[in-house]
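Q: Can you keep this structure in mind? I'll have questions shortly.
The values are calculated or read from the model by the stated rules, or taken from the named source; none is laboratory data. Note that the structure is a prediction, hence the values are computed from the model and not measured. We place every Cβ from the backbone using ideal geometry, glycine too, and count neighbours over all the protein chains shown. When the accessible area is computed, the model is the full protein with side chains, heavy atoms only, and any ligands, DNA or RNA have been set aside. Shrake-Rupley method; radii C 1.70, N 1.55, O 1.52, S 1.80 Å.
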Amino acid sequence: NYSSAVVVRDGDTAASLEDLRGRRCAFNNVDSQSGYNVLRLAVARIAQSDTFFSEVVETGGHLASLTAVVQGRADVAAIDCVGFAAMRKYRPELTQRVRALFFTDSAPGLPFITSRSTSSVELELMRKALSTVFKSHSLETTRTTLLLKNVEIVSRDTYTLLTEMETQAVALG
């Protein structure tokens, strides 16, 4: 599971999401759970069906959303916690200029996806290969660089939470 950091520029006086009413929001794209849907749900819970942000801009990705906040083109963005950690490590000149206002609700992490035509034998081989990658001492540096800690097999039903979050946001207006 993971969550997203809802970030504002360092020095911004906002103390809560409510303080961002009427501000500008950068988001990845409407298909993004971590850069759109979780923030939309958080806003929907307090917006009371009113327009919350004065402007929203689709950026296409977490780095672009963070950059929009840093450059003052937006006041807030949701950045997935793994991406944010990677940016802290590899793009500190950007992340030092923002702060996490809060973290969103937790959701299942991104799955490894394969073709519908993948056989059960092939799927089992892929799972064994991934397991080997996460146990291999020789790949420890690579896993650390990519901020990968483990892999877990979960049921497809685990991901219904994402749809439920989207449905709740829509229901709240």
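Q: List the number of the failed condition for residue 170; all other conditions in (1) outside any helix (DSSP H, G or I); (2) open to solvent by 90 Å² or more (accessible area, probe 1.4 Å); (3) within 21 Å of residue 31 (Cβ to Cβ) hold.
A: (1)
Q: Go over the candidates 13, 51, 67 one by one and state the one that is open to solvent by 10 Å² or more (accessible area, probe 1.4 Å), modelled with pLDDT of 95 or more and assigned to a loop (DSSP other than H, G, I, E, B).
A: Going through 13, 51, 67 in turn, the sole match is 13.
Q: Out of region 16-30, which residues are free of Cβ contacts under 8 Å to residues at least 60 places away in the same chain, surrounded by fewer than 18 Cβ atoms within 10 Å (Cβ to Cβ) and more than 23 Å from residue 108 (Cα to Cα)?
A: Once the filter is applied, which keeps residues that are free of Cβ contacts under 8 Å to residues at least 60 places away in the same chain, surrounded by fewer than 18 Cβ atoms within 10 Å (Cβ to Cβ) and more than 23 Å from residue 108 (Cα to Cα), region 16-30 yields 18, 19, 21, 22, 23.
Q: What are the residues in region 16-30 that are in a loop (DSSP other than H, G, I, E, B) and hydrophobic (A, V, I, L, M, F, W, C), if any?
A: 30
Q: Still on this structure: Take the residues of region 96-138 that are closer than 30 Å to residue 169 by Cβ and of a type in the set (Ser, Thr, Tyr): which is least open to solvent (accessible area, probe 1.4 Å)?
A: The residue in question is 104.
Q: If you don't mind, there's one more thing I want to ask. Being surrounded by fewer than 16 Cβ atoms within 10 Å (Cβ to Cβ) and of a type in the set (S, T, N, Q) is the requirement here; does residue 33 meet it?
A: On the way: surrounded by fewer than 16 Cβ atoms within 10 Å (Cβ to Cβ): no; of a type in the set (S, T, N, Q): yes.
The answer is no for residue 33.
Q: I'd like the residue in region 153-167 that is free of Cβ contacts under 8 Å to residues at least 24 places away in the same chain and surrounded by 10 or more Cβ atoms within 10 Å (Cβ to Cβ) and, out of all such residues, is farthest from residue 51 (Cα to Cα).
A: Checking each candidate, the answer is 160.
Q: Looking for whichever is within 25 Å of residue 144 (Cβ to Cβ) and within 13 Å of the chain's Cα centre (by Cα) here; the options are 77, 5. Which one fits? Please lay out each step first, then the result.
A: Details: 77 fails: within 25 Å of residue 144 (Cβ to Cβ).
Of the residues listed, the single one that is within 25 Å of residue 144 (Cβ to Cβ) and within 13 Å of the chain's Cα centre (by Cα) is 5.
Q: While we're looking at this one, here's another question. Restricted to region 127-167, and to residues that are assigned to a loop (DSSP other than H, G, I, E, B) and of a type in the set (Val, Ile, Thr), which residue is nearest to residue 83 (Cα to Cα)?
A: Ranking the qualifying residues of region 127-167, first place goes to 151.
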